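Taken together, the values in this text are just the output of simple stated rules run on the coordinates, not laboratory data. Since we're looking at a predicted model, the values are computed, not measured. We place every Cβ from the backbone using ideal geometry, glycine too, and count neighbours over all the protein chains shown.
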Amino acid sequence: MWNVTLPPHPDRLRMSRRLAFLLDDLVRIPGTNRGVGLDALIGLFPGVGDLVGSGLSGAIMFEAVRNRVPIPTLARMAWNLLLDALLGIVPFVGDVADAAHRANRRNYQLLVQAVERNPDPAPPTAGYLAAGLALTVLPLVLTVVLGVVTLVLLVRWLV
């Protein structure tokens, strides 16, 4: 069941590459080599934007687990997502910092490096799957909690 042959490196990372570009580099800032993506735009909507952005970012984490990226690399990727969510909590200033952090681009680069180091990984163990699931789901759950807390605080502030 787990001995599925993975497609060649470029094809099997295409979704993550496109997602990282869409979320972090979609539009180039004139006069710079920096880009801004949809993550910064949807992050302007307090709570909800961070939830949507983190959900999309979770797809890169899922692809990393599917490609059996080492657990320490998955942990770094999870940290990037958590930091992205924490930065996004602060309205406007946090969104600028979030756009500068570019967690999706960082995670894609970590994914590529891991796949290049080990293009044909061994089948996953139950321990790997449990750790991979935890490192993928935990940042998303914490982001949901942060998003809900942000929305509650925003509603209380407005009322």
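Across the stretch 21-68, the number of residues qualifying as at positive phi and not in a loop (DSSP other than H, G, I, E, B) comes to 0. Could we say that residue 129 is over 21 Å from residue 13 (Cα atoms) and surrounded by 12 or more Cβ atoms within 10 Å (Cβ to Cβ) here? Criteria not met by residue 129. When residue 46 is tested against (1) farther than 26 Å from residue 34 by Cα; (2) touching a helix residue (DSSP H, G or I) at 6+ places or on another chain (Cβ under 6 Å), exactly one condition is not met: (1). Checked against (1) part of a helix (DSSP H, G or I); (2) surrounded by fewer than 12 Cβ atoms within 10 Å (Cβ to Cβ), residue 137 passes all but a single condition, namely (2). Just a yes or no: is a residue in the stretch 58-66 in contact with a Phe, Trp or Tyr (Cβ under 7 Å, 6 or more places away or on another chain), buried (at least 22 other Cβ atoms within 10 Å of the Cβ) and closer than 16 Å to residue 11 by Cα? Looking for residues that are in contact with a Phe, Trp or Tyr (Cβ under 7 Å, 6 or more places away or on another chain), buried (at least 22 other Cβ atoms within 10 Å of the Cβ) and closer than 16 Å to residue 11 by Cα, one finds at least one in the stretch 58-66, hence yes. From the residues in the stretch 94-131 that are of a type in the set (Val, Ile, Thr) and under 20 Å from the mean Cα position of the chain (by Cα), which one is nearest to residue 19 (Cα to Cα)? Looking at residues that are of a type in the set (Val, Ile, Thr) and under 20 Å from the mean Cα position of the chain (by Cα), I get 112.
Against the conditions (1) touching a residue at least 24 places away in the same chain (Cβ under 8 Å); (2) in a helix (DSSP H, G or I); (3) not aliphatic (A, V, I, L, M), residue 121 satisfies every one except (2). Of the listed requirements (1) closer than 28 Å to residue 35 by Cα; (2) out of contact with any helix residue (DSSP H, G or I) (no Cβ under 6 Å at 6 or more places or on another chain), residue 153 misses just one: (1).
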